[in-house]
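Everything on this sheet refers to the single structure shown next.
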Amino acid sequence: MAQYLLSFFAALVIGVVFNSSVKVVSGGDQAIVEALNGRHRTLKPGVRYILPFFEKVVHYDTTRERFIDIKPQEVITSDNTPLTIDAVVYWKIEDIEKSFYNVEQVDESISNLVLTTLRAKIATMEMGKLFSSINEINNTLLKTLDEATENWGIKIIRVNLQSVTPPASIMKSMEQKTAAENKKQAEISIARSEAQSIEIISNALQIPPNSREFIQYLIAKQYVEAHHKLSASNNSKIIFMNPGELNEAIGNLMEDDLDNTPRDSSASRKLKIVKPDMSKKQDNDISNSAS
C-alpha cells in the first residue's frame with residue numbers, strides 16, 4: 001500500500017514539474033523568463049521549456065501591430081491660435097526585453113511622447129500653413145518618434161494626424177472666406193461663358209461685337225427674354241412697351257454717347273412704363289365680394 005502511495009505522489013510531482021516546465025507561446029507573442037540568479041531570456045513562439053523552481057515567466061506580450069488613439073488635445077500655433085488635435089499612432093514591439101526593462105507603461109509613454117512632439121512641431125507653424133502640411137507633420141512625427149523609441153524596443157510604424165479643429169469663430173471666418181472664393185470663381189466662370197457666347201453670336205451674325213447693330217441685337221434679345229419671364233410669372237407686373245420706339249430710343253442714346261452730344265428724342269419721351277393701379281383692383285375685388 002505504501003508503495004502505491006509513494007508511486008502516486010511521485011507521479012503527481014513529476015506531472016506538476018512537467019506541467020510547470022512546459023510553456024506554449026502563441027504565434028505573434030513572446031515571453032520573458034527570469035532565473036534566480038537574475039539572468040533572463042526570451043521565449044519565442046512554440047513549445048518551450050523552463051527549469052521549474054529556478055525560472056519563471058515574468059512577462060508575456062504580443063509583437064503584433066497595434067495602435068494608440070490619442071485623445072483630443074489643445075495645442076497653440078506660432079501665431080497664438082488655439083487648435084484641438086486628434087492623432088492615432090500605430091506601433092509594435094521589436095525587442096520585448098527592452099520594452100519591459102527600459103520603459104514602464106509603454107502605451108502611456110508613447111502617448112506622452114506623441115503629444116510632446118506634436119506641441120513642439122505645431123508651435124513652429126502658422127495656422128494658415130498647418131492644414132496644407134498634414135503629411136509633413138505626420139512624417140516628422142514618425143521620424144522623431146521612431147528615433148526616440150529605439151531604446152524602448154518599439155517600432156513606430158505610422159502616425160496619422162486625424163483632425164485639426166480651430167475655434168468656432170475661426171471656423172466661421174474660414175467658411176465665409178471659402179464661400180467668397182467660390183462666388184468669385186463662379187462669377188469668373190459666368191463672365192467667361194458670356195464672353196464666349198458673345199463671340200459665337202458675333203461670328204454667326206458676321207457683325208463686330210462692339211458695333212451698334214450687335215449691341216442693338218443683344219438689347220432686343222434681353223428684352224424678349226424679359227418679356228417671356230414676365231408673362232410666365234403669376235405675380236408679375238405688366239410692362240407695356242413699343243419695340244420700335246424702344247429701338248429708336250436706344251439708338252439715339254447710343255448716338256448721344258458716341259457724339260457726346262445729348263439729343264431730344266420723341267421716341268424716348270414716348271417710352272413709358274405703365275403699371276396697373278393695384279389700389280383700384282383691390283377696391284373692385286372688395287365690392288365684388290360684398291355683392
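Can you tell me how many residues in region 54-83 are touching a residue at least 24 places away in the same chain (Cβ under 8 Å) and over 40 Å from the mean Cα position of the chain (by Cα)?
Total meeting the criteria: 4.
Taking region 146-167, which residues are more than 29 Å from the chain's Cα centre (by Cα) and assigned to a strand (DSSP E or B)?
Matches in region 146-167: I154 only.
Just the residues that are of a type outside the set (S, T, N, Q) and out of contact with any Asp or Glu (no Cβ under 7 Å at 6 or more places or on another chain), please, taken from region 194-208.
Those that are of a type outside the set (S, T, N, Q) and out of contact with any Asp or Glu (no Cβ under 7 Å at 6 or more places or on another chain): E194, A195, I198, E199, I200, I201, A204, L205, P208.
List pairs: first in region 102-130 and touching a residue at least 40 places away in the same chain (Cβ under 8 Å) and under 11 Å from V89 (Cβ atoms), second surrounded by fewer than 18 Cβ atoms within 10 Å (Cβ to Cβ) and not aromatic (F, W, Y), Cβ under 8 Å, 6+ apart or cross-chain?
Within 8 Å, the pairs are I110/I68; S111/I68; V114/I68; L115/Q73; L118/Q73.
Taking only region 35-52 into account, find how many residues are surrounded by fewer than 16 Cβ atoms within 10 Å (Cβ to Cβ) and touching a residue at least 12 places away in the same chain (Cβ under 8 Å).
Counting residues in region 35-52 that are surrounded by fewer than 16 Cβ atoms within 10 Å (Cβ to Cβ) and touching a residue at least 12 places away in the same chain (Cβ under 8 Å) gives 11.
Matching residues to (1) among the aromatic types (F, W, Y); (2) more than 23 Å from K129 (Cα to Cα); (3) surrounded by 14 or more Cβ atoms within 10 Å (Cβ to Cβ):
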{"position": "V58", "(1), (2), (3)": "no, yes, no"}
{"position": "D61", "(1), (2), (3)": "no, yes, yes"}
{"position": "E74", "(1), (2), (3)": "no, no, no"}
{"position": "N80", "(1), (2), (3)": "no, no, no"}
{"position": "V88", "(1), (2), (3)": "no, no, yes"}
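Given the conditions (1) assigned to a helix (DSSP H, G or I); (2) surrounded by 16 or more Cβ atoms within 10 Å (Cβ to Cβ), which single one is not true for K129?
(2)
Bear in mind these aren't lab numbers, they're just calculated from the coordinates by the rules spelled out. The structure presented is a predicted model; accordingly, all values stated were derived computationally and were not measured. Note that we place each Cβ from the backbone using ideal geometry, even for glycine, and neighbour counts take in every protein chain shown.
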